[in-house]
Amino acid sequence: MDKIKITMIVNKQSVEAEIEPYARLLDVLRDDFGFTGVKEGCSIGECGACTVLMNGKKVNSCMVLAAQADGCEIVTIEGIEGPDGKLHPIQEAFVEAGAVQCGFCTPGMVISSYKLLSENQDPSEDDIKEAISGNLCRCTGYKQIVDAVKLAAEKMKK
Ligand code: FES
Ligand code: FES
């Protein structure tokens, strides 16, 4: 099968690649563009480790063909730090609340939290649980993760 050329905006930078038509967005982000913060857990859309934003919508990048993302704007965990390389307040909150254990789920959790807090600056505990319901933590640190999102919401209000 012939390769196809795609272009997308990843973390505000224009990138292009020649890919197999069946390539997954997850693999292209990691292997072609080097955004290895996007993690692969289950590969079947269950764990949320591969969560990114595609045109502002949360997607599991293991379930999206890269060709579907042609022309789209993608945000990965690498894209939410401040321009000076400082941690985003959500990332700071995850560290301060002890919400990072092995860290494998963290990029997806942070992206889901980022999406929530961009739409709801004062989320209830139920809102937070709903927002991260597609993200599994194999270390089961859910309490600290919910605490971290609450703390992030406080930080982002200041
Ligand atoms: S690796 Fe994509 S949802 Fe688990
Ligand atoms: S911190 Fe280990 S999977 Fe969540």
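Which residue is nearest to LYS39 (Cα to Cα), if the candidates are limited to the stretch 84-127 and must be among the small types (Gly, Ala, Ser) and more than 16 Å from ligand 2 (Cβ to nearest atom)? Filtering the stretch 84-127 for residues that are among the small types (Gly, Ala, Ser) and more than 16 Å from ligand 2 (Cβ to nearest atom), the one nearest to LYS39 (Cα to Cα) comes out as GLY85. Of the residues making up the stretch 43-62, those that are surrounded by fewer than 20 Cβ atoms within 10 Å (Cβ to Cβ), touching a residue at least 24 places away in the same chain (Cβ under 8 Å) and touching a Cys at 6+ places or on another chain (Cβ under 8 Å) number 1.
If the condition is being assigned to a strand (DSSP E or B) and either assigned by TED's automatic domain parsing to the domain that holds LYS115 or within 16 Å of ligand 2 (Cβ to nearest atom) (or both), then the stretch 38-59 contributes only THR51.
When GLY108, GLY141 are checked against the criterion of being of a type in the set (Gly, Ala, Ser), surrounded by 14 or more Cβ atoms within 10 Å (Cβ to Cβ) and under 16 Å from the mean Cα position of the chain (by Cα), GLY108 stands alone in meeting it. You will find that of PHE94, PHE104, the residue that is outside any helix (DSSP H, G or I) and either at pLDDT 95 or above or over 21 Å from ASN11 (Cα atoms) (or both) is PHE104 and no other. Just one of the listed residues (ASP2, ASP32, ASP27) is out of contact with any Ser or Thr (no Cβ under 7 Å at 6 or more places or on another chain), within 16 Å of ligand 1 (Cβ to nearest atom) and farther than 21 Å from SER113 by Cα, namely ASP27. Looking only at residues in the stretch 111-138 that are part of a loop (DSSP other than H, G, I, E, B) and of a type in the set (D, E, K, R), the one that is surrounded by the fewest Cβ atoms within 10 Å (Cβ to Cβ) is ASP122.
The values are calculated or read from the model by the stated rules, or taken from the named source; none is laboratory data. Just so we're clear, the structure is a prediction, and the values are computed from it rather than from any experiment. Note that we place each Cβ from the backbone using ideal geometry, even for glycine, and neighbour counts take in every protein chain shown.
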